[in-house]
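The values are calculated or read from the model by the stated rules, or taken from the named source; none is laboratory data. On a predicted model such as this, the values are computed, not experimentally measured, just so you know. Here the Cβ positions follow ideal geometry from the backbone for every residue, glycine too, while neighbour counts run over all protein chains shown. For accessibility, only protein heavy atoms count, side chains too; no ligands or nucleic acids. Shrake-Rupley method; radii C 1.70, N 1.55, O 1.52, S 1.80 Å.
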Amino acid sequence: MVKCLENEGVAVVFGLPGEENIRFVQALAASDIRYVLTRHEQGAAFMAEMYGRVTGRAAVVSTTLGPGAINMQLGVADATTNSTPMVAISAQVGQDREYKESHQYVDLVSMFAPITRWADGVPTARAIPEMFRKAFKVAETERPAAVYLAVPEHIDADETDYDLAPLRRDVVRAEAPAAGQVARAVDILRDAQRPVVLAGHGAARNDATAALVRFSDELGIPVANTFHGKGVMPDDHPNSIGTMGFMRHDYVNFGFDNADVVIAVGYELQEFDPVQINPNADKKIIHIHRFPAEVDAHYPVDVGIIGDINASLDALTDALSGHRFANDAVAPGCDLLAEEFARGQQDSRFPLAPQRVVADTRAALGRSDVVLVDTGATKMWMARLYPTYECNTCLISNGLSTMSFALPGALGVKLARPKSKVLAVVGDGAFMMNSQEIETAVRERIPLVVLIWDDGGYGLIEWKMDLELGDHYYVKFGNPDVVSYAESFGAKGYRINAADELLPTLKTALDDDGVSLISCPVDYSENLRLTERLGQLDETL
């Protein structure tokens, strides 16, 4: 098993050992693969997911059987719904116990099947090379996902001298788009008046920035991105119109309201409901991706260009050479977004306005540094307002939208990108769900910073309740002294007491080579003010 992982280029395995896989762990200890012992299997799975998210290669999470395997399921499901490659491996009882009621036995393969691309049990040691090769092949396919293998304890203990040489990796070549489909898309675009591009997760995974910028520049087409696509079109490019996917009709929606053609580049329906970009199902859709689109009433594809995304965009650009659109319909939304960000930079209230926290976070990080944004009100503010300039530098879970992935995920990102500064932005609710992984970061000497948006409640749920019910219930809680809590693990703790303290504190923490935690009180009264302001814009524009 370990030789197979080495053959796949695996550099790190995240997880917890158990009684039933002790020989596998022993073999890992004798290899060049780094084993990161975590404090919870869920945290290990998030570390592997985010490692795979930024590298594009399947990372590995390993646990024991039963409760250990079940604990890692949330991170596995998050990886699949976020189209991220991952190989999850757990122990299992011996096959001589699977047929009957037995201590710690549950049918793990059946449990993992709905949340993975492929799940299976290893029936014999002889199957290891083929099953491990298949696991990585399936995980890293056109639409990446998690896979799962259960390894029975008698196989872990098998000392038979089999020939178990790893199989060679497949050579994957990018597929050129079909010329006929490109021609059909060209016909639609030549008749279009106001086309707009929506760049999604697939565009980011395929590093399509250069081809997308050329396409937009030469044709004069504005580009919006999804939460997962942030950075694939740099936000400081003049044709960038912002991020799509907020729960209300946001500024970027104005770029789609009057559009007659939507060019969806690497967009996947799981990122957000396409009714937001095509509410009347009357816009023409050009789907550019490595695989066909899912079926949806508001995403009726007129032309699907299936193949390498970069090659498809280049083919369209070349075929439309000399054709340029005069598309000014998106300017008001861009201006409003810029004005909101600028106001946030100057907002000196305490607790801090979300806009100020976003602005200071942007000022503290370089273009290639990475911020992981947890689910909650934090995600809504950061996704909308945080300018992003490169792929996979603002990481958000918008497939399963899982709380608590960002802190453990930051460890995986830092190991994958050791030269980048890494910041986990979390709400106080999400923080306490996986806060124990601070100890992992300290013990493993993985430098990172955790910024807690502190409001003493589940802010996004309160926001939603207030919007739709006019009141909120069961969303408030108490917090420990998180600064002392961080220090008890051996990390550094900082508490923000005024608006002008956040930026210098962020810079100090990010320049440190250790683990730091910053507690920042946030004024979430801005949540309802934002949705009220957007509602007024709906009525006037």
| What does the charge dipole of the range 417-490 about its Cα centre add up to, to the nearest 20 debye, if the Cβ of each Lys and Arg holds +1 and the Cβ of each Asp and Glu holds -1? | 580 debye
| field | Set Lys134/Lys419; Lys134/Lys421; Lys379/Lys414; Lys137/Lys419 screened for pairs whose C-alpha atoms are more than 26 Å apart | value | Lys134/Lys419; Lys134/Lys421; Lys137/Lys419
| task | Go ahead and collect, in residue order, the members of the range 113-131 whose backbone nitrogen is under 19 Å from a label point 7 Å along the Cα-Cβ direction of Ala157. | result | 122-126
| task | Would you mind getting me the FRET efficiency between Asn258 and Phe477? Use the beta-carbon distance for r and R0 = 45 Å, nearest 0.05. | result | 0.55
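At a 1.4 Å probe, what is the % contribution of carbon and sulfur to the accessible area of the range 400-439?
Values: 610 of 1030 Å².
That fraction is 59 percent.
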| remark: If amide H atoms are modeled at 1.01 Å from N in the peptide plane, then the residues at a separation of 5 or more from Leu517, or on another chain, having amide H under 5 Å from its own are Val450, Lys492, Gly493, Tyr494
| message | Suppose R0 equals 30 Å. What FRET efficiency, 1/(1 + (r/R0)^6) with r the Cβ-Cβ distance, do Gln436 and Glu218 give to the nearest 0.05? | response | 0.05
| In nm, what is the difference between 0.36 nm times the number of residues separating Lys3 and Ala179 and their Cα-Cα distance? | 59.1 nm
| message | Given a 1.4 angstrom probe, what's the average accessible area per residue across the chain, in square angstrom? | response | 39 Å²
| request: Please give the contour-minus-distance gain from Asp170 to Thr124: 0.36 nm per residue of separation, less the Cα-Cα distance, rounded to one decimal in nm. | output: 14.2 nm
| message | Relative contact order for the chain: what percent, with Cα pairs under 8 Å and sequence separation of 6 or more? | response | 13 percent
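If each residue of separation counts as 0.36 nm, what is the full-extension length gain between Ser110 and Met247 once their alpha-carbon separation is subtracted?
Numbers: separation 137, 0.36 × 137 = 49.32 nm, distance 3.41 nm.
Roughly 45.9 nm would be gained on extension.
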